[in-house]
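Only one structure is covered here, and it is reproduced in the block below.
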Amino acid sequence: MSTAVQMLAQETLTQEIRLPALDYLAMGPMLVLFGGACLGILIEAFASRRSRPFLQFWLSLIALVAALVTVVRAANNSPRDFTADTAIAVDGPALFLQGTVIVLGMVALLLMGERRIDKGGPFVAKASLPVGGEADRRQVRESGATEVFPLTLFALGGMTLFVAANDLLTMFVALEVFSLPLYLLCALARRRRLISQEAALKYFLLGSFASAFFVFGAALLYGFAGTFRLGGIHTAALGSTVNPLLLFGGVALIAVALLFKVAAVPFHVWTPDVYQGAPTPVTAFMAACTKVAAVGALLRVLYVALDRVRWDIEPVIGAVAILTMLVGAVLAVTQTDIKRLLAYSSIANAGYLLVGALAFSREGVSSSLFYLAAYGFTVVAAFAAVSLVRDEDGEATHLSRWAGLGRRSPMVATLFTFLLLAFAGIPLTSGFTSKFAVFSAALGTSGQWQVAMVIAGVVTSMVLAFPYLRVVVMMWLSEPVENGPVVASAGTLTWTALWVGAVATLALGVYPTPVLDLAHQAAEFLQ
């Protein structure tokens with residue numbers, strides 16, 4: 001027995017260890033972002049407190065620009081194939097979603113980099129000088145939370161891996177890589193510590209349960225298919241003799257985890273509290289980039305792994321889509337806080353995205369990709385406008401405080417009105433174009449569930465118009481409140497983010513053809 005063991009050990013040692021082939025150009029975006037995040041940690045550890053904000057902001061911005069350049073080069077030069085032993089897919093949807101996440105991350109980074117000295121920013125706390133006399137009564141601002149920049153880069157790196165992951169293990173690793181920084185980012189509102197930390201704790205606990213569902217689902221699918229690879233699950237679904245309960249149980253658990261990140265009903269309960277409690281720049285980042293990453297991963301699982309069982313899962317996810325649109329629209333009407341209103345609007349938009357995803361066609365993928373890009377710019381700009389409206393207590397998010405804002409700050413009120421009209425789906429905005437695209441893709445399949453979802457989408461869009469128009473009427477036709485909020489004298493970064501989002505919303509509504517064509521060309525998953 002000992003001789004046999006020795007021979008087996010010697011044979012194992014003499015075997016050649018073959019590493020998987022790596023396409024570094026295709027993996028460039030995530031490598032650049034993770035490298036920038038690591039450099040940011042070193043800056044946080046060794047740079048002086050005064051120089052950290054400048055160094056962290058510019059390092060993050062340069063890393064994002066470099067990552068975007070690598071995405072463009074990979075799209076032009078890398079073949080559409082797998083890398084890292086089929087763990088990562090280099091295909092059209094992955095590259096389009098990576099580029100979208102990075103561009104939206106740049107815009108959100110502008111909000112995070114803004115330093116408001118007069119009114120105090122979301123990552124700034126008040127502190128008294130430890131001296132007597134007049135200085136004892138003076139209030140200074142402590143510049144802090146520069147760790148937000150490396151955390152953001154880590155989250156973006158995880159998102160770029162998440163949308164390209166071709167097996168469930170890689171997808172789970174990417175899920176945790178971008179989720180853990182988000183939990184920390186939600187707790188960094190130093191002016192409202194209690195509500196911010198409460199939101200972060202809720203997000204962490206519910207997100208941990210969602211991650212556990214993902215792991216159990218992956219285990220069941222491995223038991224069914226004998227592999228974690230999405231293509232292998234697709235093959236096993238065609239003719240495996242294993243009990244199909246493993247397949248449907250695993251699909252159900254995986255769907256719970258992904259729909260949690262998408263913020264679909266009934267897995268949406270974390271969204272309003274987290275959106276309200278997190279710092280507004282972090283909320284903008286989550287509303288745009290996390291939505292892109294979650295829907296991108298859901299599209300890959302549906303189209304690559306579960307295409308052959310679409311008739312079994314379509315009724316369930318279709319019902320979730322209809323319920324998501326209804327709950328998001330109805331509860332948005334009752335909100336009195338602008339950030340919670342945008343949170344329920346985000347939930348309803350998750351339902352519209354599911355309508356496009358369940359078309360199970362190339363048009364469904366392309367319309368969903370376009371919707372993600374269009375919605376991302378609009379929602380980042382909306383939260384940029386929210387961050388500008390401030391009073392002595394910080395951001396004025398209660399709707400009553402926005403009464404008469406058009407007289408106090410007509411520029412912000414005009415831009416925010418335009419963004420709300422885009423959310424409502426008014427023509428000549430990206431909101432109308434994106435909704436029209438997903439509804440057309442769904443109707444193109446002529447399925448009963450698709451028709452029902454489109455009807456629900458049209459009805460809920462009309463319902464959602466009410467809370468948006470109520471805010472518009474309040475800003476322009478109501479009398480200004482006494483000691484009402486004003487637009488903070490912020491620097492150019494927040495205004496740049498606001499204008500970039502507003503211009504993109506207008507451009508994608510007036511002339512969406514280039515982006516629609518790009519999304520259509522990219523809408524083909526590798527099997």
In segment 399-411, anything of a type outside the set (S, T, N, Q) and buried (at least 16 other Cβ atoms within 10 Å of the Cβ) is listed as L399, R401, W402, A403, G404, L405, G406, R408
Residue pairs within 6 Å by beta carbon, gap of at least six or interchain, first lying in segment 314-328 and in contact (Cβ under 8 Å) with a residue 40 or more places away in the chain, second open to solvent by 40 Å² or more (accessible area, probe 1.4 Å), listed first then second, are E314/W449; G318/W449
Of the listed residues (F82, F34), the one being in a strand (DSSP E or B), open to solvent by 40 Å² or more (accessible area, probe 1.4 Å) and under 30 Å from D167 (Cβ atoms) is F82
Picked from segment 303-313 (must be assigned to a helix (DSSP H, G or I) and either small (G, A, S) or in contact (Cβ under 8 Å) with a residue 60 or more places away in the chain (or both)), the residue surrounded by the most Cβ atoms within 10 Å (Cβ to Cβ) is A305
From the option list A284, A257, A264, single residue qualifying as outside any helix (DSSP H, G or I), surrounded by 24 or more Cβ atoms within 10 Å (Cβ to Cβ) and among the aliphatic types (A, V, I, L, M) is A264
| said: Yes or no: segment 475-489 includes at least one residue that is in contact with a helix residue (DSSP H, G or I) (Cβ under 7 Å, 6 or more places away or on another chain), open to solvent by less than 40 Å² (accessible area, probe 1.4 Å) and in a helix (DSSP H, G or I). | reply: yes
Going through segment 314-331 in order, the residues found to be over 18 Å from Q276 (Cβ atoms) and crowded, with 24+ Cβ neighbours inside 10 Å are A321, T324, M325, A329
How many residues of segment 233-254 are open to solvent by 20 Å² or more (accessible area, probe 1.4 Å) and aliphatic (A, V, I, L, M)? The answer is 7
Listed by range, helices (runs of 4 or more DSSP H) wholly within segment 384-458 having at least 2 residues that are touching a strand residue (DSSP E or B) at 6+ places or on another chain (Cβ under 6 Å) are none
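For the condition closer than 30 Å to S400 by Cα and either assigned to a helix (DSSP H, G or I) or modelled with pLDDT of 95 or more (or both), what is the one hit in A329, A319, A294? Walk me through it before giving the result.
On the way: A319 fails: closer than 30 Å to S400 by Cα; A294 fails: closer than 30 Å to S400 by Cα.
Residue meeting the stated conditions: A329.
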For segment 339-362, does any single residue satisfy the condition of being among the β-branched types (V, I, T), open to solvent by 10 Å² or more (accessible area, probe 1.4 Å) and in contact (Cβ under 8 Å) with a residue 60 or more places away in the chain? no
The number of residues in segment 255-270 that are within 13 Å of A321 (Cα to Cα), in contact with a Lys or Arg (Cβ under 9 Å, 6 or more places away or on another chain) and not aliphatic (A, V, I, L, M) is 1
When every residue in segment 490-527 that is open to solvent by 60 Å² or more (accessible area, probe 1.4 Å) and assigned to a loop (DSSP other than H, G, I, E, B) is compared, the one modelled with the highest pLDDT is Y511
Any hit, segment 23-44, residues being charged (D, E, K, R) and under 30 Å from V301 (Cβ atoms) = yes
*Report whether or not T334 is open to solvent by less than 10 Å² (accessible area, probe 1.4 Å) and not basic (K, R).*
no
In the set V65, V101, the lone residue that is on the phi < 0 side of the Ramachandran plot, open to solvent by 10 Å² or more (accessible area, probe 1.4 Å), modelled with pLDDT of 90 or more and of a type in the set (A, V, I, L, M, F, W, C) is V65
Matching residues in segment 223-257 (in contact with a Pro (Cβ under 8 Å, 6 or more places away or on another chain) and of a type in the set (V, I, T)) number 0
Selection from segment 267-281 of residues open to solvent by less than 10 Å² (accessible area, probe 1.4 Å) and aliphatic (A, V, I, L, M) yields V274, A278
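The values are calculated or read from the model by the stated rules, or taken from the named source; none is laboratory data. For clarity, every value in this text was computed on a predicted model and none was experimentally measured. For neighbour counting, all protein chains shown are included, and Cβ atoms are generated from backbone atoms with ideal geometry for every residue, glycine included. In case anyone asks, the SASA skips ligands and DNA or RNA and just uses the protein heavy atoms, side chains included. Shrake-Rupley method; radii C 1.70, N 1.55, O 1.52, S 1.80 Å.
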